[in-house]
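See below for the structure under consideration.
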Amino acid sequence: MKMFSTPCLRSPLRGHTSAVSSVAFLPDSRRLVSSSQDNTLRIWDIKTGEMVMGPLQGHTYNVFCVAVHGSRIASCSYDGTFRVWDADSGGLILGPITAHDGKWVGCIAYSRDGTHIATAGDDNCVVLWDADTGVVLREMVGHTDWVLCVAFSEDGTRLASGSKDTTVRIWDVASGECIGDPLTGHTSWVLAVCFSRDGQRIFSSSGDVTIRIWDAETRALIVDPIKVDERVLSMALSPDGKRLVSGSYSGGIAMWDAETGAAIQMPFRDHGGEVWGLAFSPDGRKIASASEDETIALDGTRIATAGDENRAAVWDANTGVQLREMVGHTSYVVCVAFSEDGTRLVSGSADNTVRIWDVASGECIGEPLTGHTNWVRAVCFSPDEKRIFSSSDDCTIRIWDAETRALIVEPLRMDSWVTCMALSLDGKRLVSGSSTGRIAMWDAQTGAAIPTPFKDHEGWVKSVAFSPDGRKIASASSDMTIALWDATDDWKRWDIDDEDVENDDD
């Protein structure tokens, strides 16, 4: 098992109140749209991580898939409808359109030219629609169980579909007829399909823990099935057609050479739940992933990792090439964090120590910071890089002078293992979570506790985060909830409820 720090362009995007089902980049590569089992869509600014539009409401059940063409966003839902939204205004352009006899609609796709929409549903059919009017153009009948996924060829003349019946079918868009026999070989549900850019290959992923690459003309497998550790729930092909990325039931993300099927080693950070959606940005430089853990991750260009082989490493996230390896800890490296200027890395370990590393050389700077008596679970630098914060299973948080290694204040004590912590962007406040579900706030300068009437979670606090403006705190717990808290002097709790948050913001 490996634990990664933040191999992302930024912290995961949070805001949905249930599993995130699907993601898609808008053409400008600066915005991302997501859909969720909380029945909403949201549009995010990738650079800031802020939600810039939404939640877009109207669907009454899980919004399982979104597709983008230009400034239009198409969404489909288990409420038996699809809708088309304006990405700039958030307004509804088309719909709701009842599809598949009002049964679950699990996938939606735009043709390259934006004139057609295809949907897949649990009535065992694929349906082709006029994207401007919502009028049914074709109905593709042939699968013997729910159709779970659908994708257009680049030229828009063919559709590929995958089904619970374990087959992939290719359809002629003009006639609605199935082209030849279905592609057989998968032994479980086909969960995702796509065409290569030249239309000569079809990729399919399945619950049988394989990805298959087919010759679209001969139906033969081009390479042996790609074997994955878990059910492959989602996949996406890069714009140049050279890389395939897949997401699994266990939360893992993997990358593959789309020509040969060879694995491309990339230290992506696992989600805490199933990865239901993946997307490349139009320029191919970013990947977005959507997960049941209610987060959206954006993988970026520089990565630090920590692993159970007692080492930390720095990687080029575009190539997967390891740049440095930091060796010195004598047990699992549990956490890592960069300094603000990126020149140093701090790590915490199951050997109870904290180490500071020079990123350029990979060498440990000075002696390790000692004093913790149990695993070090979280570390971070202050914004001015003069202090290091560490939290541990010894029930303490320690604030160290980054130069002298001395403790600046006496250890801060919680009631149990300190499982996570986060520093406000201004460096003045520290929030921490414990294994008993408690959340506490501290003055990051003095270590003094700041009294706050936070309500305890009913399970481990797995993660805490400040909003960029420092006015809110989010906490995630093994009790399967996320809580949003007011971090201003008002000190009141906000449950993550869109209407409540909007009213409070007013």
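The values are calculated or read from the model by the stated rules, or taken from the named source; none is laboratory data. Keep in mind that what you see is a predicted model, and the values were worked out from it rather than measured. Backbone-built Cβ (ideal geometry, glycine too); neighbour counts: all protein chains shown.
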Can you tell me which residue among 166, 144, 218, 187 is farther than 23 Å from residue 115 by Cα and in contact with a His (Cβ under 7 Å, 6 or more places away or on another chain)? 166
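Can you tell me which residue among 142, 199 is touching a strand residue (DSSP E or B) at 6+ places or on another chain (Cβ under 6 Å) and surrounded by fewer than 20 Cβ atoms within 10 Å (Cβ to Cβ)?
On inspection, the qualifying residue turns out to be 142.
Hey, could you check the stretch 313-347 for residues that are at pLDDT below 80 and more than 23 Å from the chain's Cα centre (by Cα) and say which is surrounded by the most Cβ atoms within 10 Å (Cβ to Cβ)?
Across the stretch 313-347, the extreme among qualifying residues is 324.
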Out of curiosity, is residue 397 in contact with a Pro (Cβ under 8 Å, 6 or more places away or on another chain) and in contact (Cβ under 8 Å) with a residue 12 or more places away in the chain? yes
Mind telling me which of the residues 465, 449 ends up being free of Cβ contacts under 8 Å to residues at least 60 places away in the same chain and among the small types (Gly, Ala, Ser)? 449
Among the residues that make up the stretch 383-392, is at least one of them more than 19 Å from residue 345 (Cα to Cα), assigned by TED's automatic domain parsing to the domain that holds residue 351 and in a loop (DSSP other than H, G, I, E, B)? no
Restricting to the stretch 189-233, count the residues that are under 17 Å from residue 274 (Cβ atoms), β-branched (Val, Ile, Thr) and part of a loop (DSSP other than H, G, I, E, B). 2
Residues located in the stretch 111-163, provided they are of a type in the set (Lys, Arg) and in contact (Cβ under 8 Å) with a residue 40 or more places away in the chain: 112, 158
In this structure, does residue 257 turn out to be among the charged types (D, E, K, R), more than 22 Å from residue 167 (Cα to Cα) and either modelled with pLDDT under 90 or surrounded by fewer than 16 Cβ atoms within 10 Å (Cβ to Cβ) (or both)? yes
